[in-house]
Amino acid sequence: MHLDPYADAVTAAPVRFLYRLNPLAKLLAPVPAMVLLVFVRDAATPLAFLLLSYAMLLIGVSFTRLLALVLLLALPLGALAIGLGFSLWIDPSRVDQSVVVWQLGSWTLYGGAVLVGLATGLRIAAIVGLALIAGLSTTGPDLVRATVQQLRVPYRIGYTALAAFRFVPRFGHELEVIRQAHRVRGAHGGRGPFAAVARWSGYIVPLLAGAIRHAERVALAMDARAFGAHPDRTERHIVPFRTRDVVFIVLFVAASGAIFWFWFPWGLG
C-alpha cells in the first residue's frame, strides 16, 4: 500500500509532521542558521542549535535503531573527536592565559584550546544536525518533484536526475550479481590488497556495460512516451506547498533568530 504523506489527514494514515512538509520548506528553513553558524566562535550557540535539531528530529521523524545510534553515539562522539583534534592545533600563544589541562614535556594543552576545539566540533555537529532535519524526512523523488513543481525547474532536467537517482539501487543489485558470478567461476582472486584491486577491476567493465544497457532502455522508453515533446507535463504525484510550510519556515527562522539574539554578539571573539 502506497502512503501519500501529502494527502489530507482524513484519508492518510498518521505520519510524523516532518514527513508532511514540503521538501523545499525543510531545506530552506535551516539555511540561515547553517550559514551564520560558520561565523560564531562560542560553544553555546551551536549547542543550542544542536539541541533544537534533536528536538525537531525527536518529534518529527520515525526513529529506528540505526538513527538512534547515529544521534546518541555517532554524532556526539564525532563532535568530541573533531573538537579534541582541533584543540591540538590551536596556537598556544593565543590561549596561554588559560588553565593548563595537560602538559607533556615542553608541550602544553591549555583549557582555552580545548574550549575552542569543542566549539568547532559543536559547530560542525550543529550544521549536520540541521541538515538531518530535511535529510531524514525527505526522499530523493519528492525533492525532484518539488523542484519541478515549485521552483519551475524544467521537467526534462528534473526527471533525468530522478532517473539517475533510480540507478543507484540498481547498480548495487548488479554489483552483487557480478560478485556472485565471479565466486561461482572461482575468480574471486584470493586475499590481500592487490587481490581486492584485481577483483574490482574485474567488476568495472560488466558494471559499466550494464549501466549503458539500462540507460539505453530508459532513453527508448522516454522517447516512446514523447518525454520532452511538450513544455509541461501532467504530474501524477503532487507535492504541494501549503500554509503549514510557510508557518514552519517562519517559526524556524524566528527560533534561529532568537538563539542568535542571545548568544551571537558574544560569539565573535
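When restricted to residues that are modelled with pLDDT of 75 or more and outside any helix (DSSP H, G or I), region 177-219 contains 0. Could you tell me whether any residue of region 113-121 is at pLDDT below 80, more than 30 Å from L57 (Cβ to Cβ) and in a helix (DSSP H, G or I)? Taking every residue of region 113-121 in turn, at least one turns out to be at pLDDT below 80, more than 30 Å from L57 (Cβ to Cβ) and in a helix (DSSP H, G or I). All of T234, T243 fail the test of being farther than 30 Å from R123 by Cβ, modelled with pLDDT of 80 or more and loosely packed, with under 12 Cβ neighbours inside 10 Å, apart from T243.
Helices (runs of 4 or more DSSP H) fully within region 1-98 that include at least 2 residues being at pLDDT below 80 and either among the small types (G, A, S) or assigned by TED's automatic domain parsing to the domain that holds G135 (or both): 75-87, 92-95.
For region 35-54, a residue qualifies if it is more than 18 Å from L71 (Cβ to Cβ) and surrounded by fewer than 17 Cβ atoms within 10 Å (Cβ to Cβ), and the qualifying residues are V35, V38, F39, R41, A44. What do you reckon, is R170 modelled with pLDDT of 80 or more, farther than 30 Å from F39 by Cβ and either of a type outside the set (A, V, I, L, M, F, W, C) or in a helix (DSSP H, G or I) (or both)? In short, no.
Evaluate the following for L132: is it part of a helix (DSSP H, G or I), touching a residue at least 40 places away in the same chain (Cβ under 8 Å) and surrounded by 16 or more Cβ atoms within 10 Å (Cβ to Cβ)? Against the criterion (part of a helix (DSSP H, G or I), touching a residue at least 40 places away in the same chain (Cβ under 8 Å) and surrounded by 16 or more Cβ atoms within 10 Å (Cβ to Cβ)), L132 qualifies.
Screening R152 against (1) surrounded by 16 or more Cβ atoms within 10 Å (Cβ to Cβ); (2) at pLDDT 80 or above; (3) not aliphatic (A, V, I, L, M); (4) not in a helix (DSSP H, G or I) leaves a single unmet condition, (1). When restricted to residues that are within 16 Å of G257 (Cα to Cα) and either in contact (Cβ under 8 Å) with a residue 24 or more places away in the chain or among the hydroxyl-bearing types (S, T, Y) (or both), region 43-75 contains 9.
Considering T147, T160, the condition of being more than 26 Å from T64 (Cα to Cα) and at pLDDT below 85 is satisfied by T160 alone.
The values are calculated or read from the model by the stated rules, or taken from the named source; none is laboratory data. The structure displayed is predicted, hence computed values, not measured ones. Don't worry about glycine lacking a Cβ; one is built from the backbone with ideal geometry, like all the others, and counts go over all protein chains shown.
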